Amino acid sequence: MNKQGSSVGTSVALVWLCSVAPLAAILVPLLLPVYQQSYALDASAMGFLASADLAGACLASISAPLWLQRTGCRGGVIGGLMVVATANIAAAFAGTSLLLLTTRLVAGVGTGLVLSSAIPIVSASQRPARLISAVQVLQLLLAGAALAGAGQLLAAGGPRPVLLAVVAIAVLSLPAAMLLPGRSGQAHSLPTLAEMRPVSLILGGIFIYFAAAAIISNYAGQLSTQQGLSIEAVSTALAVGNLGALPGSLIAMLAATPEHRRLMMVAAAGLQCLAVAVMLWVPGALVFTAAFFLVQMCITILGPLQVAALVDRDASGRGIEGLAAMQSGGQALGPLLGALFISGGRVDGAYLCGFAIVVVSTAMVVRRRSAIR
(Lines give C-alpha, C1' and ligand atoms only; values in the text may rest on other atoms or scores of the structure.)
Protein backbone atom coordinates (compact mmCIF):
# COMPACT_ATOMS: atom_id res chain seq x y z
CA MET A 1 0.00 0.00 0.00
CA ASN A 2 2.81 2.41 0.89
CA LYS A 3 4.58 1.58 -2.34
CA GLN A 4 1.39 2.21 -4.30
CA GLY A 5 0.81 5.51 -2.49
CA SER A 6 4.40 6.54 -3.19
CA SER A 7 3.97 5.67 -6.86
CA VAL A 8 0.81 7.76 -7.10
CA GLY A 9 2.52 10.67 -5.32
CA THR A 10 5.48 10.42 -7.68
CA SER A 11 3.20 10.43 -10.72
CA VAL A 12 1.21 13.42 -9.49
CA ALA A 13 4.39 15.36 -8.71
CA LEU A 14 5.84 14.43 -12.07
CA VAL A 15 2.75 15.61 -13.96
CA TRP A 16 2.76 18.93 -12.08
CA LEU A 17 6.48 19.60 -12.52
CA CYS A 18 6.49 18.70 -16.21
CA SER A 19 3.52 21.03 -16.68
CA VAL A 20 5.08 23.97 -14.85
CA ALA A 21 8.60 23.79 -16.30
CA PRO A 22 7.78 24.89 -19.89
CA LEU A 23 5.29 27.58 -18.86
CA ALA A 24 7.40 30.50 -20.11
CA ALA A 25 7.98 28.77 -23.44
CA ILE A 26 4.24 28.17 -23.78
CA LEU A 27 3.67 31.91 -23.34
CA VAL A 28 5.96 32.74 -26.27
CA PRO A 29 3.10 33.08 -28.82
CA LEU A 30 1.64 35.88 -26.69
CA LEU A 31 4.96 37.51 -25.78
CA LEU A 32 6.47 37.43 -29.26
CA PRO A 33 4.44 40.30 -30.79
CA VAL A 34 5.24 42.45 -27.73
CA TYR A 35 8.94 41.63 -27.99
CA GLN A 36 8.85 42.45 -31.69
CA GLN A 37 7.66 45.97 -30.94
CA SER A 38 9.82 46.51 -27.83
CA TYR A 39 13.10 45.35 -29.40
CA ALA A 40 12.33 46.16 -33.08
CA LEU A 41 12.88 42.54 -34.14
CA ASP A 42 12.99 41.47 -37.77
CA ALA A 43 11.71 38.09 -39.03
CA SER A 44 15.05 36.35 -38.43
CA ALA A 45 15.37 37.66 -34.88
CA MET A 46 11.79 36.61 -34.16
CA GLY A 47 12.57 33.10 -35.34
CA PHE A 48 15.63 32.85 -33.08
CA LEU A 49 13.74 34.22 -30.08
CA ALA A 50 10.78 31.89 -30.67
CA SER A 51 13.21 28.94 -30.80
CA ALA A 52 15.48 29.90 -27.91
CA ASP A 53 13.62 28.19 -25.05
CA LEU A 54 13.14 25.02 -27.04
CA ALA A 55 16.72 25.00 -28.32
CA GLY A 56 17.96 25.12 -24.73
CA ALA A 57 15.59 22.29 -23.80
CA CYS A 58 16.93 20.26 -26.71
CA LEU A 59 20.53 20.72 -25.53
CA ALA A 60 19.60 19.48 -22.06
CA SER A 61 17.61 16.54 -23.46
CA ILE A 62 20.35 15.33 -25.80
CA SER A 63 22.93 15.33 -23.02
CA ALA A 64 20.60 13.77 -20.41
CA PRO A 65 22.23 10.29 -20.33
CA LEU A 66 25.55 11.93 -19.49
CA TRP A 67 24.40 13.79 -16.38
CA LEU A 68 21.28 11.97 -15.18
CA GLN A 69 23.28 9.28 -13.38
CA ARG A 70 24.93 11.92 -11.18
CA THR A 71 21.89 14.06 -10.44
CA GLY A 72 19.10 11.50 -10.35
CA CYS A 73 15.54 12.48 -11.21
CA ARG A 74 15.08 14.61 -8.10
CA GLY A 75 18.35 16.50 -8.43
CA GLY A 76 17.81 17.14 -12.13
CA VAL A 77 14.34 18.58 -11.53
CA ILE A 78 15.46 20.78 -8.62
CA GLY A 79 18.41 22.09 -10.62
CA GLY A 80 16.21 22.67 -13.64
CA LEU A 81 13.62 24.66 -11.70
CA MET A 82 16.34 26.85 -10.19
CA VAL A 83 17.75 27.55 -13.66
CA VAL A 84 14.24 28.36 -14.95
CA ALA A 85 13.67 30.81 -12.10
CA THR A 86 17.06 32.53 -12.39
CA ALA A 87 16.93 32.87 -16.18
CA ASN A 88 13.41 34.29 -16.18
CA ILE A 89 14.40 36.90 -13.60
CA ALA A 90 17.23 37.92 -15.93
CA ALA A 91 14.87 37.92 -18.93
CA ALA A 92 12.43 40.19 -17.10
CA PHE A 93 15.14 42.86 -16.84
CA ALA A 94 16.96 42.25 -20.14
CA GLY A 95 17.93 45.55 -21.76
CA THR A 96 18.88 44.27 -25.22
CA SER A 97 17.56 41.68 -27.62
CA LEU A 98 20.84 39.73 -27.40
CA LEU A 99 20.58 39.51 -23.62
CA LEU A 100 16.94 38.50 -23.90
CA LEU A 101 17.84 35.76 -26.39
CA THR A 102 20.59 34.47 -24.07
CA THR A 103 18.33 34.34 -21.03
CA ARG A 104 15.63 32.53 -22.99
CA LEU A 105 18.18 29.94 -24.14
CA VAL A 106 19.31 29.36 -20.54
CA ALA A 107 15.70 29.15 -19.34
CA GLY A 108 15.16 26.47 -21.97
CA VAL A 109 18.09 24.48 -20.59
CA GLY A 110 16.33 24.53 -17.22
CA THR A 111 13.11 23.33 -18.80
CA GLY A 112 15.01 20.53 -20.54
CA LEU A 113 16.62 19.48 -17.26
CA VAL A 114 13.19 19.05 -15.69
CA LEU A 115 11.63 17.21 -18.63
CA SER A 116 14.64 14.96 -19.28
CA SER A 117 14.84 14.02 -15.61
CA ALA A 118 11.27 12.77 -15.89
CA ILE A 119 12.01 10.36 -18.76
CA PRO A 120 13.19 7.43 -16.57
CA ILE A 121 9.98 7.65 -14.55
CA VAL A 122 7.85 7.76 -17.70
CA SER A 123 9.66 4.83 -19.30
CA ALA A 124 9.30 2.75 -16.09
CA SER A 125 5.56 3.37 -15.83
CA GLN A 126 3.08 0.75 -17.00
CA ARG A 127 1.23 3.20 -19.26
CA PRO A 128 3.65 5.85 -20.50
CA ALA A 129 1.23 7.22 -23.12
CA ARG A 130 -1.40 7.89 -20.46
CA LEU A 131 1.13 9.58 -18.20
CA ILE A 132 2.19 11.85 -21.06
CA SER A 133 -1.48 12.53 -21.82
CA ALA A 134 -1.95 13.66 -18.21
CA VAL A 135 1.07 15.95 -18.53
CA GLN A 136 -0.33 17.44 -21.73
CA VAL A 137 -3.74 18.05 -20.19
CA LEU A 138 -2.43 19.82 -17.10
CA GLN A 139 0.29 21.63 -19.07
CA LEU A 140 -2.18 23.19 -21.45
CA LEU A 141 -4.80 23.87 -18.79
CA LEU A 142 -2.16 25.81 -16.86
CA ALA A 143 -1.14 27.49 -20.10
CA GLY A 144 -4.76 28.47 -20.76
CA ALA A 145 -5.03 30.06 -17.33
CA ALA A 146 -1.64 31.74 -17.74
CA LEU A 147 -2.47 33.11 -21.19
CA ALA A 148 -5.77 34.50 -19.94
CA GLY A 149 -4.06 36.30 -17.05
CA ALA A 150 -0.98 37.28 -19.03
CA GLY A 151 -3.01 39.39 -21.45
CA GLN A 152 -4.02 41.68 -18.60
CA LEU A 153 -0.50 41.75 -17.16
CA LEU A 154 0.98 42.56 -20.57
CA ALA A 155 -1.48 45.40 -21.13
CA ALA A 156 -0.69 46.84 -17.69
CA GLY A 157 3.06 46.30 -17.32
CA GLY A 158 4.57 44.50 -20.32
CA PRO A 159 6.41 41.16 -20.20
CA ARG A 160 8.14 41.74 -16.84
CA PRO A 161 5.24 40.85 -14.48
CA VAL A 162 4.43 37.83 -16.66
CA LEU A 163 7.97 36.45 -16.36
CA LEU A 164 8.16 37.17 -12.62
CA ALA A 165 4.91 35.24 -12.15
CA VAL A 166 6.57 32.28 -13.91
CA VAL A 167 9.50 32.60 -11.50
CA ALA A 168 7.18 32.48 -8.49
CA ILE A 169 5.42 29.35 -9.78
CA ALA A 170 8.75 27.59 -10.41
CA VAL A 171 10.04 28.37 -6.91
CA LEU A 172 6.80 27.33 -5.23
CA SER A 173 6.94 24.01 -7.12
CA LEU A 174 10.31 23.00 -5.65
CA PRO A 175 8.81 20.99 -2.73
CA ALA A 176 7.02 18.71 -5.22
CA ALA A 177 10.42 17.60 -6.54
CA MET A 178 11.15 15.94 -3.19
CA LEU A 179 8.58 13.27 -4.06
CA LEU A 180 10.67 12.10 -7.01
CA PRO A 181 13.28 9.32 -6.72
CA GLY A 182 16.92 10.26 -6.20
CA ARG A 183 19.97 8.67 -7.77
CA SER A 184 19.87 4.98 -8.61
CA GLY A 185 22.65 2.53 -9.18
CA GLN A 186 21.54 2.03 -12.77
CA ALA A 187 24.04 3.32 -15.31
CA HIS A 188 22.87 5.61 -18.07
CA SER A 189 24.54 5.49 -21.44
CA LEU A 190 23.71 6.83 -24.87
CA PRO A 191 21.55 4.39 -26.88
CA THR A 192 23.37 2.60 -29.69
CA LEU A 193 22.47 2.94 -33.36
CA ALA A 194 21.31 -0.68 -33.39
CA GLU A 195 18.89 0.05 -30.53
CA MET A 196 17.51 3.17 -32.20
CA ARG A 197 17.27 1.91 -35.80
CA PRO A 198 13.87 0.14 -35.44
CA VAL A 199 12.25 3.37 -34.22
CA SER A 200 14.18 5.86 -36.34
CA LEU A 201 11.27 6.46 -38.73
CA ILE A 202 8.85 7.17 -35.89
CA LEU A 203 11.35 9.39 -34.08
CA GLY A 204 11.92 11.28 -37.32
CA GLY A 205 8.18 11.73 -37.74
CA ILE A 206 7.88 12.98 -34.16
CA PHE A 207 10.77 15.40 -34.73
CA ILE A 208 9.29 17.07 -37.77
CA TYR A 209 5.74 16.97 -36.39
CA PHE A 210 6.77 18.99 -33.36
CA ALA A 211 8.52 21.41 -35.71
CA ALA A 212 5.18 21.93 -37.43
CA ALA A 213 3.36 22.22 -34.09
CA ALA A 214 5.85 24.89 -32.99
CA ILE A 215 5.32 26.88 -36.19
CA ILE A 216 1.55 26.78 -35.84
CA SER A 217 1.53 27.52 -32.09
CA ASN A 218 4.38 30.02 -31.73
CA TYR A 219 3.28 32.26 -34.59
CA ALA A 220 -0.40 32.18 -33.59
CA GLY A 221 -0.09 35.48 -31.76
CA GLN A 222 1.60 37.06 -34.77
CA LEU A 223 -1.07 35.71 -37.14
CA SER A 224 -3.91 37.02 -34.99
CA THR A 225 -2.42 40.50 -34.64
CA GLN A 226 -1.75 40.40 -38.40
CA GLN A 227 -5.52 39.92 -38.78
CA GLY A 228 -6.22 42.98 -36.62
CA LEU A 229 -6.99 41.46 -33.19
CA SER A 230 -6.03 43.40 -30.06
CA ILE A 231 -3.54 41.96 -27.54
CA GLU A 232 -6.42 41.28 -25.10
CA ALA A 233 -8.36 39.45 -27.81
CA VAL A 234 -5.23 37.50 -28.73
CA SER A 235 -4.66 36.38 -25.13
CA THR A 236 -8.27 35.27 -24.83
CA ALA A 237 -8.12 33.39 -28.13
CA LEU A 238 -4.92 31.58 -27.18
CA ALA A 239 -6.16 30.81 -23.66
CA VAL A 240 -9.45 29.32 -24.88
CA GLY A 241 -7.70 27.57 -27.75
CA ASN A 242 -5.29 25.83 -25.40
CA LEU A 243 -8.24 24.21 -23.64
CA GLY A 244 -8.47 21.96 -26.69
CA ALA A 245 -5.84 19.86 -24.93
CA LEU A 246 -8.42 18.39 -22.57
CA PRO A 247 -10.74 16.71 -25.09
CA GLY A 248 -7.72 15.86 -27.26
CA SER A 249 -5.98 13.82 -24.60
CA LEU A 250 -9.22 12.13 -23.58
CA ILE A 251 -9.88 11.18 -27.20
CA ALA A 252 -6.36 9.78 -27.54
CA MET A 253 -6.99 7.42 -24.62
CA LEU A 254 -9.86 5.79 -26.55
CA ALA A 255 -7.53 4.30 -29.16
CA ALA A 256 -6.94 0.83 -27.71
CA THR A 257 -5.71 -1.09 -30.75
CA PRO A 258 -3.01 -0.45 -33.36
CA GLU A 259 -5.56 0.02 -36.13
CA HIS A 260 -7.56 2.48 -34.03
CA ARG A 261 -4.39 4.45 -33.34
CA ARG A 262 -3.50 4.53 -37.00
CA LEU A 263 -6.94 5.74 -38.09
CA MET A 264 -7.11 8.29 -35.29
CA MET A 265 -3.70 9.75 -36.17
CA VAL A 266 -4.70 10.14 -39.82
CA ALA A 267 -8.03 11.76 -38.85
CA ALA A 268 -6.41 14.11 -36.33
CA ALA A 269 -3.76 15.20 -38.83
CA GLY A 270 -6.44 15.92 -41.43
CA LEU A 271 -8.49 17.93 -38.93
CA GLN A 272 -5.42 19.89 -37.87
CA CYS A 273 -4.65 20.81 -41.47
CA LEU A 274 -8.24 21.96 -41.96
CA ALA A 275 -8.03 24.12 -38.82
CA VAL A 276 -4.79 25.71 -40.05
CA ALA A 277 -6.50 26.60 -43.33
CA VAL A 278 -9.36 28.22 -41.40
CA MET A 279 -6.93 30.23 -39.26
CA LEU A 280 -5.28 31.53 -42.41
CA TRP A 281 -8.23 32.38 -44.61
CA VAL A 282 -11.34 32.88 -42.46
CA PRO A 283 -11.14 36.16 -40.49
CA GLY A 284 -12.70 36.86 -37.11
CA ALA A 285 -11.78 36.40 -33.45
CA LEU A 286 -14.37 33.69 -32.81
CA VAL A 287 -13.36 31.66 -35.87
CA PHE A 288 -9.67 32.03 -35.00
CA THR A 289 -10.31 30.86 -31.43
CA ALA A 290 -12.28 27.81 -32.58
CA ALA A 291 -9.65 26.86 -35.16
CA PHE A 292 -6.80 27.23 -32.65
CA PHE A 293 -8.82 25.09 -30.22
CA LEU A 294 -8.93 22.34 -32.86
CA VAL A 295 -5.19 22.69 -33.54
CA GLN A 296 -4.34 22.20 -29.87
CA MET A 297 -6.80 19.33 -29.59
CA CYS A 298 -5.14 17.55 -32.48
CA ILE A 299 -1.67 18.09 -31.02
CA THR A 300 -2.73 16.34 -27.83
CA ILE A 301 -4.31 13.52 -29.81
CA LEU A 302 -1.26 12.94 -31.97
CA GLY A 303 1.38 13.37 -29.24
CA PRO A 304 0.33 10.43 -27.00
CA LEU A 305 -0.44 8.21 -29.99
CA GLN A 306 3.05 8.88 -31.35
CA VAL A 307 4.44 7.80 -27.96
CA ALA A 308 2.34 4.62 -28.06
CA ALA A 309 3.65 3.88 -31.55
CA LEU A 310 7.20 4.45 -30.34
CA VAL A 311 6.83 2.20 -27.28
CA ASP A 312 5.15 -0.59 -29.25
CA ARG A 313 7.88 -0.65 -31.89
CA ASP A 314 10.80 -0.24 -29.47
CA ALA A 315 12.04 -3.73 -28.58
CA SER A 316 15.13 -2.43 -26.75
CA GLY A 317 13.23 -0.04 -24.49
CA ARG A 318 15.75 2.69 -25.27
CA GLY A 319 13.83 4.50 -27.98
CA ILE A 320 11.78 6.54 -25.53
CA GLU A 321 15.01 8.10 -24.27
CA GLY A 322 15.15 9.97 -27.55
CA LEU A 323 11.58 11.26 -27.20
CA ALA A 324 12.29 14.49 -25.30
CA ALA A 325 15.17 15.36 -27.62
CA MET A 326 13.04 14.81 -30.73
CA GLN A 327 10.12 16.81 -29.36
CA SER A 328 12.18 19.73 -28.04
CA GLY A 329 14.52 19.63 -31.04
CA GLY A 330 11.59 19.77 -33.43
CA GLN A 331 10.00 22.58 -31.45
CA ALA A 332 13.26 24.52 -31.54
CA LEU A 333 13.67 24.03 -35.29
CA GLY A 334 10.07 24.95 -36.12
CA PRO A 335 10.13 28.72 -35.56
CA LEU A 336 13.51 29.02 -37.31
CA LEU A 337 12.16 27.10 -40.29
CA GLY A 338 8.96 29.12 -40.24
CA ALA A 339 10.93 32.38 -40.22
CA LEU A 340 12.30 31.47 -43.65
CA PHE A 341 8.75 31.68 -45.02
CA ILE A 342 7.79 34.99 -43.36
CA SER A 343 7.49 37.69 -45.98
CA GLY A 344 6.77 41.34 -45.30
CA GLY A 345 5.98 40.54 -41.68
CA ARG A 346 3.22 38.14 -42.71
CA VAL A 347 3.32 34.56 -41.44
CA ASP A 348 1.06 32.93 -44.04
CA GLY A 349 3.99 31.13 -45.68
CA ALA A 350 5.13 29.75 -42.32
CA TYR A 351 1.68 28.28 -41.73
CA LEU A 352 1.63 26.64 -45.14
CA CYS A 353 5.01 25.10 -44.30
CA GLY A 354 3.55 23.74 -41.05
CA PHE A 355 0.56 22.36 -42.97
CA ALA A 356 2.85 20.39 -45.30
CA ILE A 357 4.99 19.03 -42.46
CA VAL A 358 1.95 17.69 -40.58
CA VAL A 359 1.05 15.61 -43.63
CA VAL A 360 4.58 14.25 -44.10
CA SER A 361 5.16 13.48 -40.41
CA THR A 362 1.90 11.56 -40.09
CA ALA A 363 2.80 9.48 -43.14
CA MET A 364 6.14 8.62 -41.51
CA VAL A 365 4.55 7.40 -38.27
CA VAL A 366 1.68 5.41 -39.80
CA ARG A 367 3.42 4.32 -42.99
CA ARG A 368 3.82 0.70 -41.96
CA ARG A 369 1.40 -1.21 -39.84
CA SER A 370 4.27 -2.87 -37.98
CA ALA A 371 5.36 0.58 -36.73
CA ILE A 372 2.23 0.90 -34.59
CA ARG A 373 1.30 -2.64 -33.76
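The values are calculated or read from the model by the stated rules, or taken from the named source; none is laboratory data. The structure displayed is predicted, hence computed values, not measured ones. Quick reminder, even Gly has a Cβ in these numbers, built from the backbone with ideal geometry, and neighbours come from all protein chains shown. Side chains included, ligands, DNA and RNA excluded: accessible areas come from the protein's heavy atoms. Shrake-Rupley method; radii C 1.70, N 1.55, O 1.52, S 1.80 Å.
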task: Could you pull the accessible area for F293 with a 1.4 Å probe, rounded to 10 Å²?
output: 60
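Suppose the chain between L286 and Q226 were pulled fully straight at 0.36 nm per residue; how much longer would it get relative to their current alpha carbon spacing? Can you show the working numbers first?
Working: separation 60, 0.36 × 60 = 21.60 nm, distance 1.53 nm.
Going from the current span to full extension adds 20.1 nm.
On the protein heavy atoms, probe 1.4 angstrom, tell me the percent of accessible surface of the chain carried by carbon and sulfur. Before the final figure, lay out the partial values.
On the way: 10300 of 15150 Å².
Summing carbon and sulfur atoms, their accessible area is 68 percent of the total for the chain.
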- line: Ranked by GNM mean-square fluctuation in the chain (Cα springs under 10 Å), the top entry among G322, G330, G354 is G322
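How much space per residue, in cubic angstrom, does the convex hull of the C-alpha atoms of the chain take up? Could the numbers behind the result be given before it?
Working: hull volume 44.9 nm³, N = 373.
Dividing the Cα hull volume of the chain by its residue count gives 121 Å³.
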Alpha-carbon spread of the stretch 231-307, three principal axes, descending order, Å: 42, 21, 15
message: I need the helices of the chain that pass two filters: whole DSSP H segments spanning 30 Å or more by Cα along the axis, and mean Kyte-Doolittle score no lower than 1.0.
response: 97-124, 128-157, 285-313
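Sort 207-220, 25-38, 333-346, 248-261 by the packing proxy (mean of other Cβ within 10 Å over each peptide's residues), most packed first.
Numbers: 207-220: 27.2, 25-38: 21.2, 333-346: 19.1, 248-261: 17.4.
Going by the mean number of other Cβ atoms within 10 Å, highest first, we get 207-220, 25-38, 333-346, 248-261.
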query: Pick from G110, G284, G221: which residue has the top mean-square fluctuation in a GNM of the chain where Cα pairs under 10 Å get a spring?
result: G284
- prompt: For the chain, with every protein chain kept in place, what is the accessible area per residue (1.4 Å probe, Å²)?
  reply: 41
query: For the stretch 88-177, what is the per residue volume of the convex hull drawn over the alpha-carbon atoms, in cubic angstrom?
result: 102
